[in-house]
1. Looking at segment 1-36, which of the residues that are of a type in the set (S, T, N, Q) and over 13 Å from A57 (Cα atoms) is modelled with the lowest pLDDT?
2. Go through A55, A43, A50 for me and flag whichever is small (G, A, S) and free of Cβ contacts under 8 Å to residues at least 12 places away in the same chain.
3. Out of K40, K11, K28, I need the residue that is charged (D, E, K, R) and out of contact with any helix residue (DSSP H, G or I) (no Cβ under 9 Å at 6 or more places or on another chain). Which one?
4. Looking at E31, E45, which is the one that is loosely packed, with under 15 Cβ neighbours inside 10 Å, out of contact with any Ser or Thr (no Cβ under 9 Å at 6 or more places or on another chain) and assigned to a helix (DSSP H, G or I)?
Amino acid sequence: MNMNTRDIITKKLLDAQEMVRDFEMFSKHVEDQEVLEAFKSFAEESGMQAHKLQALADKYRQE
């Protein structure tokens, strides 16, 4: 499978968005406060990645 830059960005954007959803969901189902805080932090980090990837995807859609 040969993917171009736009395809790769789109795939990784979807992956990052899924990670946000997963970590948010997992944080609501754990009892350990340390794990809960880590998952919330991971969700935020994944959200920042998704935001940057969305900006890149928008750039490549315009080209």
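The values are calculated or read from the model by the stated rules, or taken from the named source; none is laboratory data. Being a predicted model, the structure only gives us computed values, none of them experimental. All Cβ positions, even for glycine, are placed from backbone atoms using ideal geometry, and neighbour counts span all protein chains on display.
1. Applying the first criterion (of a type in the set (S, T, N, Q)) to segment 1-36 yields 2, 4-5, 10, 17, 27, 33.
Subset that is over 13 Å from A57 (Cα atoms): 2, 17, 27, 33.
Working: N2: 76, Q17: 98, S27: 95, Q33: 97.
Filtering segment 1-36 for residues that are of a type in the set (S, T, N, Q) and over 13 Å from A57 (Cα atoms), the one modelled with the lowest pLDDT comes out as N2.
2. Working: A43 fails: free of Cβ contacts under 8 Å to residues at least 12 places away in the same chain; A50 fails: free of Cβ contacts under 8 Å to residues at least 12 places away in the same chain.
Testing whether each residue is small (G, A, S) and free of Cβ contacts under 8 Å to residues at least 12 places away in the same chain leaves just A55.
3. Details: K40 fails: out of contact with any helix residue (DSSP H, G or I) (no Cβ under 9 Å at 6 or more places or on another chain); K28 fails: out of contact with any helix residue (DSSP H, G or I) (no Cβ under 9 Å at 6 or more places or on another chain).
Answer to the selection: K11.
4. Working: E31 fails: assigned to a helix (DSSP H, G or I).
The unique qualifying residue is E45.
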